[in-house]
Amino acid sequence: MRTARDIALKLIGDPSAALGLLIIVALVAVAVLAPLIATHPEAVWDMNPRDRLLPPSETYLFGTDRMGADIFSRILFGARITLTIAIVAVGAALMIGVPIGLISGWCGNWLGEALLRVSDIFLAVPQIVLAIAISQTLGPSIENVILALSVTYWPWFTRLVHAEVRALRHETFIEAAIALGVPTWRIVLLHVLPSVLSPIIVRTSIGMGFTILTASALGFLGLGAPPPAPEWGRMISEAREFLPEAWWSALAPGLAIFLVVMGFNLLGDGLRDVLDPRIRRGNPGR
Amino acid sequence: MRKRQRGTTFPVSRRDLIAQGGAAAVAVALAEVLPAQAAGTRFVFANESDYDTVDPHAAFDVGRVAVRLNLYDGLLRWQKNPAVLEPWVAESYVISPDGLSYTFKMRKGVKFHDGSEVKAQDVVYSLDRILAVGKGASSLFKTMIDPGAAKAVDDYTVEFTLRKPSAIFLSVVPEIHIVNRALVQKNEAGGDWGQAWLSKNDAGSGAYKLTQFDPAVGFVAQRFPDHFKGWGTKWLDEIEFRGVKDTNTRVLGLLRDDFQGIGGYLQTDQLNRIKSNGTAQVLEAESMRVMMAQFNMTRAPISDLHVRRAISYAFDYDGFNKDILGGLVERNPTPLPNTIWGVPKDVKGYSFDLDKAKAELAKAQAKIDKPIELAFLTGFQQSEQAAQLLQNGLTKAGVPSKVVGYPWPTIVDKFKDPNTTPDVSIYWISTYYADPHNWVGEMFSSSTAGTFKNAAHYKNPKVDALLDKALSLTDQSERAKLYEEATRIVVDEAAGLWIYNTKWYGPYSNKLKGIVFYPIGSAQEMRTAYYEG
């Protein structure tokens, strides 16, 4: 098995993965240190209509929005919301999806089939549509966005884990463990799960980016965190009315979403190269 | 091609094919010319809120006024600006000296869309229906007239007998939109006065006849050539009113000529963009529309006078009127528009003062243990921003609040029950008739509690007495004193939060002419409109 150190070194050696990692580290840093970095921490919640829609300047690095709040500070605090949504939603999807995938993959009987069909039902409806339906029904709030995203994202993990487990089921080392009389739960947790960890990690990283994108779409549609929360999707939605004149008010949150999603995707790709030799990108240089 | 021919049951020879192709080509060429003439001119209006019903008696608001003005007629109709009551289906009317009986002589030969004639019995049925259904303008009529108090003297004479004299009865007569009695009765189900049917169908005599209705989209109507008012030389053949909740979609749609008219609740930024574009115009007219917040007075903490005063001190009036709206509007400190009679000139109202807000909160008995719900109308950016600004002020004063948006038809439904009415709801009271009763009268009379006019569910016997008396008098100076007194009381009680009074702005396509603004119709009566050239 490769050590964490090996993986980290390989990641840093890959420029695009390193860039992705850098963006995500920066995102986390920004989210944690938001109150320190923000130029107008009070202006995140405080509106000052007299300064509305000012272009970027030294005082307001990214300009001000329609209510006169500092966009730069709002973006920084918005990183917290974004990160919370992504981590909790993907975390919850993992909690649901991976065990179901393990069970369905391992059992393979009617139970496994039934679980798979349930996940198929969720996959049949596009994630964004299902998420809109759920959060619209429950009412706009961060909690409901998280709920909607986790409920709609877990089948991806189930599918992935199921396929991996099916392939592993008849490997020699598993058969050996069965022959030795190791209890099933022990085989699944200690032998199967570690072997399918790599694709899960890759999927998680890509899923984070995907989830952030969907969460922003929900925010844009007014289904996310209620105002005045500095949610990026909502910020774009509010700014859209003043395009193209006040371009800065939509540009900053748009770029923020773009960068973060790209970061997670690059990292995901990089991780896949390092962890999963079967689907490595075609790169003759390495 | 060959493969396909083999598959058909009727083999087609090449010659036939060519002949048919030629015919098809001619047909296409004709089709390109003909439908343009057949379909005629078409007008699309993008409304801020949806059309959930086309029942003319179900709503009495600006949001759904297009249904009533275009598909239906009344005995009288408000026209011109300043508004004048003009005889419409009625030719003339007489009021008895005691002010109790109103007799209308109706025109002969006014036709419903199905060809039958509009008669006095239809008017009687329509008023009875309004009172029975209990929606729209019924809360007003209920204070004046009982069911069965309208009589058809003969086919063309209708007489209303009021319970007591009323200064505004005539003003609301236009809201008795005449429905085709025979047609509605035929479609009644279980004594519902045809509500289920009429909410989706047309039983009117108006200048346009409903052809399509989908609550998720809007309604389409064709010109009714037999309309009693007759038509000039130019007109719009088809009108469509659509609910489009997104402001940008509406504005861009107007600029791209997808829409030829859009709702006028816009911000300065948007109005300027339309004006500078060149494909559309912004019509302006003197009118009255008060933006305000209604407080749900029925539950704590809003039921506490000091909490209400604190909220009134926590709104940045100047920031909203001058900065966000760019001075488009004028501060209006009372529920009555500044420009109408009956306004107590000495009342200054509330100003933005967080210290006073905190001082009031200190006096309050009620505990604010959960966030106050600030409701705005989705699709109306101004109301959303006002809610955010109020939230901002409240946060600084130490009051937790949450901002929630509802579509107009939804929030009107919520108002019916004090339990579902939001704590604070921000919207407008437009001119339905040019009388102080339209504002302070209906907003604070217990008879209208639960309508969007009185979403506060405000009930105060003292104010009721003043308003009732004002309604029973005809002398304007006497009435003015009573409205002044009522206004003083509700301002002192902070029974609402009043923000501004504005003119009317109507964004329409440049090529559209003949649009007539009058305050009650918000320029959505399309009978006189046409395209130039």
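Only the coordinates and a few stated rules stand behind these numbers; no lab work does. Given the structure is predicted, the values throughout are model-derived calculations rather than measurements. Here Cβ is always computed from backbone atoms with ideal geometry, including for glycine, and neighbour counts include all displayed protein chains.
Taking the C-alpha atoms only, the angle from helix A:127-138 to the longest principal axis of chain A is near 70 degrees. Who wins for biggest fluctuation among A:Trp247, A:Trp156, A:Trp185 in a Gaussian network model of chain A, springs between alpha carbons below 10 Å? Ranking A:Trp247, A:Trp156, A:Trp185 by mean-square fluctuation puts A:Trp185 first.
Distance from the alpha carbon centroid of segment A:1-57 to that of segment B:147-219 works out to 62 angstrom.
Across chain B, Cα pairs under 8 Å and at least six residues apart give a relative contact order of 20 percent. Estimated from helical segments only, the mean residue ellipticity of chain B at 222 nm is -9000 deg cm²/dmol, where each DSSP H run of four or more residues counts as -39500 (n - 2.57).
A simple rule links phi to the HN-Hα coupling: the Karplus curve 6.51 cos²θ - 1.76 cosθ + 1.60 with θ = phi - 60°, which for segment B:322-332 gives 8, 8, 5, 9, x, x, 5, 10, 10, 4, 10 Hz, with x for Gly and Pro.
Counting, for every residue in B:322-328, the Cβ atoms of other protein chains within 10 Å of its Cβ and taking the mean gives 3. Adding -39500 (n - 2.57) for every DSSP H run of four residues or longer, then dividing by how many residues chain A holds, sets the calculated 222 nm ellipticity at -23500 deg cm²/dmol. For chain A, find the longest principal axis of its Cα atoms and tell me its angle to the long axis of helix A:193-220, 0 to 90°, nearest 10. It works out to around 30 degrees. When chain A is treated as a Gaussian network with alpha carbon springs shorter than 10 Å, the biggest mean-square fluctuation among A:Val202, A:Val165, A:Val188 belongs to A:Val188.
Per-residue shielding of A:43-49, expressed as the average number of other chain Cβ atoms within 10 Å of the residue Cβ, stands at 5. Taking the centroid of alpha carbons for each part, segment B:359-374 and segment B:280-338 are 20 Å apart.
Taking a ≥ b ≥ c as the square roots of the Cα gyration tensor eigenvalues, chain A comes out prolate, since a/c reaches at least 1.5 and a/b is larger than b/c.
Summing Cβ point charges (Lys, Arg +1; Asp, Glu -1) relative to the Cα centre of chain B gives a dipole of roughly 1280 debye.
Once you list every other residue whose beta carbon is under 9 Å from the beta carbon of A:Leu53, what net charge do they have if Lys and Arg are +1 and Asp and Glu are -1? Combined, the nearby Lys, Arg, Asp and Glu give -2. Protection proxy ranking of B:260-267, B:199-206, B:342-349, by the mean of other Cβ atoms within 10 Å over each peptide's residues and highest first, is B:260-267, B:199-206, B:342-349. Amide H to amide H, with H built 1.01 Å from N, B:Gly261 comes under 5 Å of B:Val44, B:Ala46, B:Ser509, counting only residues 5 or more places away or on other chains.
GNM, chain A, Cα, under 10 Å: largest mean-square fluctuation among A:Gly233, A:Gly105, A:Gly13? Of A:Gly233, A:Gly105, A:Gly13, the Gaussian network model singles out A:Gly13 as fluctuating most. A simple count of charges around B:Leu497, restricted to other residues whose Cβ falls under 11 Å of its Cβ and scoring Lys, Arg +1 and Asp, Glu -1, yields +2. Taking other residues whose beta carbon is less than 15 angstrom from the beta carbon of B:Ala357, and scoring Lys, Arg as +1 and Asp, Glu as -1, yields +1. Taking every C-alpha pair closer than 8 Å and separated by at least 6 residues, the mean separation divided by the residue count of segment B:177-237 gives a relative contact order of 22 percent.
Which whole-number percentage describes the relative contact order of segment B:289-501, with Cα contacts under 8 Å and a sequence gap of 6 or more?
Details: 412 pairs, mean separation 73.3, N = 213.
So the answer I get is 34 percent.
Take each residue of peptide A:241-248, count the partner chain Cβ atoms within 10 Å of its Cβ, and average: the result is 3.
Look at A:Val261, A:Val145 and count the other Cβ atoms within 10 Å of each Cβ; fewest to most, that gives A:Val261, A:Val145. What the Cα convex hull of segment B:178-218 gives, in volume per residue, is 73 Å³. Loop-located GluC sites (Glu not before Pro) across segment B:200-289 with a Cβ neighbour count of 14 or fewer within 10 Å are B:Glu286, with loop assigned by DSSP. Roughly what angle does helix A:71-107 make with the longest principal axis of chain A, taking Cα atoms, 0 to 90 degrees, to the nearest 10? Result, in degrees: 20. Using the Cα gyration tensor of segment B:289-501, with a ≥ b ≥ c the square roots of its eigenvalues, what is the shape: rounded (a/c below 1.5), prolate (a/b larger than b/c) or oblate (neither)? It is rounded, given that a/c, with a ≥ b ≥ c, falls under 1.5.
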